[in-house]
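The values are calculated or read from the model by the stated rules, or taken from the named source; none is laboratory data. Every value quoted in this text rests on a predicted model; they were computed, and no experiment measured them. Cβ placement follows ideal geometry from the backbone for every residue including glycine, while neighbour counts extend to all protein chains displayed. Note: areas computed on protein heavy atoms with side chains; ligands, DNA, RNA excluded. Shrake-Rupley method; radii C 1.70, N 1.55, O 1.52, S 1.80 Å.
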Amino acid sequence: MISVEGLKVEFSARPLFHDVSFVINDQDRIALVGKNGAGKSTMLKILCGQQTPTAGVVSIPNDTTIGYLPQVMRLQDNTTVREEARKAFSACTELKELVDRLGTEMAERTDYDSPDYLSLVDKFTQEHERYLMMGGDNYEAEMERTLCGLGFSRDDLERPTSEFSGGWRMRIELAKILLQKPDVLLLDEPTNHLDIESIQWLEQFLAQSAKAVVLVSHDRAFINNVTNRTIELTCGRAVDYKVKYDQYVVLRAERREQQLRAYENQQKEIADMRDFIERFRYKPTKAIQVQSKIKQLEKIVPIEIDEVDRSAMRLKFPPCLRSGDYPVICDGVGKSYGDHTVFSDVTLTIKRGEKVAFVGKNGEGKSTLVKCIMGEIPFTGNLKIGHNVQIGYFAQNQAQLLEEEITIFDTIDQVAKGDMRLRVNDLLGAFMFGGELSEKKVKVLSGGERSRLAMIKLLLEPVNLLILDEPTNHLDMMSKDVLKDAIKAFDGTAIIVSHDREFLDGLVDKVYEFAAGHVREHLGGIYDYLRGHNTIDDKLQAVYAQQPKEAEQQPDKSTARQDYDARKDDQKKLRKARKALEDCEKRIASMEERIAELDSLLMLPENASDMTLVTEYTSIKKKLDEENERWFEMAEGME
């Protein structure tokens, strides 16, 4: 589908990568990996034609379509969400206008036997078939399904895009790209602005509907669930692993071990040659051998070793005061903005030493409750911070509090204590500030770089309650591992707002779900929560979320009876849904049978101008599409 041969990119005569060759085939799901600065985003820009390489060729067939989602893009603010998403179907709407014009012309003309009229009927049939193959009148339903899958409610679709944050508008752009159904999808950090539910929906969409995908992501669970091939940009080259990410990690470790052994052998060989040359340089009897060794030495191509693996880097929080038994207690806490209730009656207790996750769709109040805990905004109800609690808070605006006129190294050196002062360079390297970068002043850093620096600074401060709001957004996988290990070893309490399942897995032992203005407690890890969450109907979840907390805390016989009645009611609903699904399948079979008959009739020359048959065919085809859509929705509901 796309062929890359001998690709080379240079910036200011410094090669980013060289001699890169690979092929993207249909149904390939490729994870493009490598350290920050290796050229992943540059590679995507070259593949979509936005950037020209220094040398090499990218061959793309003329009929191949490409959809590209960059990390940052300019967004329009003059339409509604629905109108903006509808732009993805511009070709479909233009074809609809053509079909309507042809249909009107056929209805107005009476020269049914003329060659021109027969040609018009052929053109109408051909274009109408093409219109139906492109999705036809069904595209509105497909558009709604995609937008809802990415987290929008149906009410959101009529709102102006200007009312949404940059993250939500990026979701609209992602929806537009997915709806265009390109042959190759190029996605640069697509999960940055998505919540867990939307990420899972995107995984399913890419697995079932996408053709070829090349993606850059630091979400390990996401790329493991989506990809079947991994291309690593390392040491200025591309190494192609025909496996998914987890298997690549194993193979890469083996490859690096082989490189190290080969490098050590080569270094020993070089040392032996130099030793021989030095010992016999001035002996006439050894002159020929010395010259031979010198030529061999000149011909040796140094073995390169992949970027240094800093996974052994460990970070330990400095000692701090022991907090009270209950660092955070909420009793009936609520927050509203005017008529809009973000959440109400939040009642929860976080014990000392617990690691808990706040999850839920964006806009459901996770960060709002964090701000209530921090005392940044007013609220209703009672919220108590425990005795001796020292809070370390990481929010998106945390980066703005850094001192701009000092260097990255000095920023961390000022807060590092004890042995950690000797390891500041290692720590900076683990968070992508190694080498010369550490001498940069804070004021020249990007927003993402400042966030990473603020995270390092927080990890070195003596606190006993950590509150982290989306801490992994600007971290690569190695940095996330360092952070995760540090939190796991942390003696204090941690509240983590995150959509990164792999990061939360094995880290938290309790999940608080924010949905529909309520907060529900789930015991267990993130995957325990997701398994339970995915087996309960959304409507039932809303009902359960509204049940009084006392009923959850004090189960008795009446509760058990209610659970039994609820299960019985669920079974009744399931039987009813199965019957509706079977009836739908019968209607679909009947319509498909009639369409087959009409196809046969319209193939006959005497029926080519029979408008009654054409109209019936068009009508049944439309109803069939609607019925298929209804079947799909019912099948999803049953699941």
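Just a few scattered comments:
- Rg/Rh for the stretch 331-421, where both radii come from Cα atoms and Rh is the Kirkwood radius: 1.06
- Close amide-amide hydrogen proximity is noted between Cys235 and Glu307, each under 5 Å apart and 5 or more residues distant or on a separate chain (H modeled in the peptide plane; Pro and chain starts excluded).
- Listed residues Phe276, Met374, Val58: farthest to the positive end of the dipole of the chain (Cβ charges): Phe276
- Descending semi-axes in Å of the stretch 232-282, equivalent ellipsoid built from Cα gyration tensor: 37, 11, 5
- Kirkwood hydrodynamic radius of the stretch 80-166, from the reciprocal of the average inverse Cα-Cα distance over all distinct pairs: 15.1 Å.
- Across the stretch 22-31, coupling constants 3J(HN,Hα) worked out from phi with the 6.51/-1.76/1.60 Karplus curve, θ = phi - 60°, read 6, 10, 9, 9, 4, 6, 5, 10, 9, 9 Hz, and Gly and Pro carry x.
- Surface share of carbon and sulfur [accessible, 1.4 angstrom probe, percent] for the chain: 49
- Mean residue ellipticity, 222 nm, helices only, the chain: the sum of -39500 (n - 2.57) across DSSP H runs of n ≥ 4, divided by residue count and rounded to 500, is -15000 deg cm²/dmol.
- Antiparallel beta bridges, as assigned by DSSP with both residues in the chain, represent about 50 percent of the total such bridges.
- The 3J(HN,Hα) values that the Karplus relation (6.51, -1.76, 1.60; θ = phi - 60°) gives for the stretch 357-364 are, in residue order, 10, 9, 10, x, 5, 4, x, 8 Hz. Gly and Pro appear as x.
- The candidates Trp631, Trp201, arranged from most to least accessible area with a 1.4 Å probe in the full protein assembly, appear as Trp631, Trp201.
- Measuring nothing but how far apart in sequence close Cα pairs (under 8 Å, 6+ apart) lie, relative to its length, the stretch 226-282 scores a relative contact order of 21 percent.
- Pair-distance distribution of the stretch 1-129: all C-alpha pairs, bin width 5 Å, starting at 0; shares per bin in whole percent are 2, 8, 12, 13, 11, 10, 9, 9, 8, 6, 5, 3, 2, 1, 0.
- Normalised radius of gyration (Cα atoms, divided by 2.2 N^0.38 Å) for the chain: 1.21.
- Whole-number percent relative contact order across the stretch 60-137, with pairs defined as alpha carbons under 8 Å at least 6 apart: 33
- By a 1.4 Å probe calculation restricted to protein chains, Ser336 has an accessible surface near 60 Å², given to the nearest 10.
- Loop-located trypsin sites (Lys or Arg not before Pro) in the stretch 1-82, at most 11 other Cβ atoms within 10 Å (DSSP): Arg74
- Cβ charges +1 (Lys, Arg) and -1 (Asp, Glu), total dipole of the chain, debye: 3260
- Within the chain, the whole DSSP H helices whose Cα atoms reach 30 Å or more along their own axis and whose mean Kyte-Doolittle score is at least -1.0 are 611-638.
- Ligands, DNA and RNA aside, His387 has an accessible area near 130 Å² when probed at 1.4 Å.
- For the stretch 450-503, size of Cβ-based charge dipole, Lys and Arg +1, Asp and Glu -1, in debye: 120
- Shape of the stretch 387-492, Cα gyration tensor, a/c cut at 1.5: rounded
- Qualifying chymotrypsin sites (Phe, Trp or Tyr not before Pro) in the stretch 1-88, DSSP loop, other Cβ atoms within 10 Å at most 16: none
- Accessible surface area normalised per residue over the chain is 52 Å², counting heavy atoms of protein chains with a 1.4 Å rolling probe.
- Mean Cα-pair separation over length for the chain, i.e. relative contact order, pairs under 8 Å, 6 or more apart, %: 13
- Debye log10 I(q)/I(0) at q = 0.09, 0.17, 0.18 Å⁻¹ for the stretch 124-261, Cα point scatterers: -0.38, -0.99, -1.06
- Projected label points at Ser344 and Val243, each 7 Å from Cα along the beta carbon direction, are separated by 5.4 nanometres.
- Three-way shape call for the stretch 38-95 based on the alpha-carbon gyration tensor, with the a/c threshold at 1.5: oblate
- Three-way shape call for the stretch 142-221 based on the alpha-carbon gyration tensor, with the a/c threshold at 1.5: prolate
- The stretch 144-177 and the stretch 181-199: distance between their alpha carbon centers, rounded to Å: 13
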